[in-house]
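Inspection log for the structure reproduced underneath, given as structure tokens.
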Amino acid sequence: MTRVAAIVPAAGRGERLGSRTPKPLVLIGGVPLVVYTLRQVLRIHPFSQILVPVEPDAVVRMKALLNKHGLRRVEVLAGGVMRAESVRNGFDRILPSTELVAIHDLARPFVTAGDMAGLVKAAQASGAALLAQKAVATVKETDASGRFVKRTLDRNRIYLAQTPQVFRTAVLRKAYDKVGARYRDFTDEAGLVEAAGNKIRIVPGHAINFKITTPDDLVMARLIARGR
Ligand code: CTP
Ligand code: MG
């Protein structure tokens, strides 16, 4: 059985959500988002390790909360200022002999086992796999002002990156070595691995795996969770 570690970055500030409650603690389906998403992560794959970087000040409280909800297997650690740093802190704690690493945003509670299985297969075959949703609308690129259309892109070649993103551990480690301190600049690990010169396999994703970013997203997520 392939050993797959999961890193679930949860150290963001939730600025676009604009809620007084920290984003990992907003309630969905009657539990904090962090509990909801981690329960789903446990369902989609038998991960060898689950690493959760959180805001440094919140480590102790988060451990207690996850214990209370029976999520004792989860390893809580301090994240960083940028998402990339949070993921890196998790990566540094991965046990030797872990073949694959899956990175999944805490803010995507509805990830599915089917998508995870497709990613593992693709990453085993090619070293790097990204879940991404094919553009359904016509896509416009703007000029520098951001107010006028510069051109219309071929939507058949546009995909919106999601998570999980799955890599052979050795591929991600090499990418970190290659880019050095620049690793902080990347908004996802697929971007980093791409910059290091690797090919990344796209696994077509689904709209249900949306990221809770804005208040509207939270309304939608609560409706879906209630319906389950
Ligand atoms: N994240 C993280 N460490 C950071 C920033 C983000 O672990 N320094 C995590 C978030 O907790 C989230 C995921 O990365 O699960 C995707 O980030 P995003 O949806 O942008 O969440 P936030 O950064 O919390 O939101 P915002 O950008 O609106 O502040
Ligand atoms: Mg963010």
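For the range 1-31, residues that are away from ligand 2 (no atom under 13 Å from the Cβ), touching a strand residue (DSSP E or B) at 6+ places or on another chain (Cβ under 9 Å) and under 30 Å from Gln124 (Cβ atoms) total 7. Look at the range 95-107: where a residue is open to solvent by less than 10 Å² (accessible area, probe 1.4 Å) and a partner is part of a loop (DSSP other than H, G, I, E, B) and among the aromatic types (Phe, Trp, Tyr), sitting 6+ places away or on another chain with Cβ atoms under 8 Å, you get Ala102/Phe47. Out of Ala84, Ala58, one residue alone is open to solvent by less than 10 Å² (accessible area, probe 1.4 Å), in a helix (DSSP H, G or I), within 20 Å of Gly14 (Cα to Cα) and among the hydrophobic types (A, V, I, L, M, F, W, C). It is Ala84.
The condition of being open to solvent by less than 60 Å² (accessible area, probe 1.4 Å) and outside any strand (DSSP E or B) holds for only one of Leu51, Leu17, that being Leu17. Looking across the range 106-124, just one residue is among the β-branched types (Val, Ile, Thr) and part of a helix (DSSP H, G or I), and that is Val120. Scanning the range 71-81 for residues that are within 25 Å of Gly114 (Cβ to Cβ) and either open to solvent by 30 Å² or more (accessible area, probe 1.4 Å) or touching a Phe, Trp or Tyr at 6+ places or on another chain (Cβ under 6 Å) (or both) gives a single hit, Arg73.
Counting residues in the range 192-203 that are at pLDDT 95 or above, under 14 Å from Ile103 (Cα atoms) and assigned to a helix (DSSP H, G or I) gives one or more.
The values are calculated or read from the model by the stated rules, or taken from the named source; none is laboratory data. Everything quoted here is computed from the prediction, not taken from an experiment. Methodologically, a virtual Cβ is constructed for each residue, glycine included, from the backbone with ideal geometry; neighbour enumeration extends over all protein chains shown. These accessible areas exclude ligands, DNA and RNA; they are computed on the full protein's heavy atoms, side chains included. Shrake-Rupley method; radii C 1.70, N 1.55, O 1.52, S 1.80 Å.
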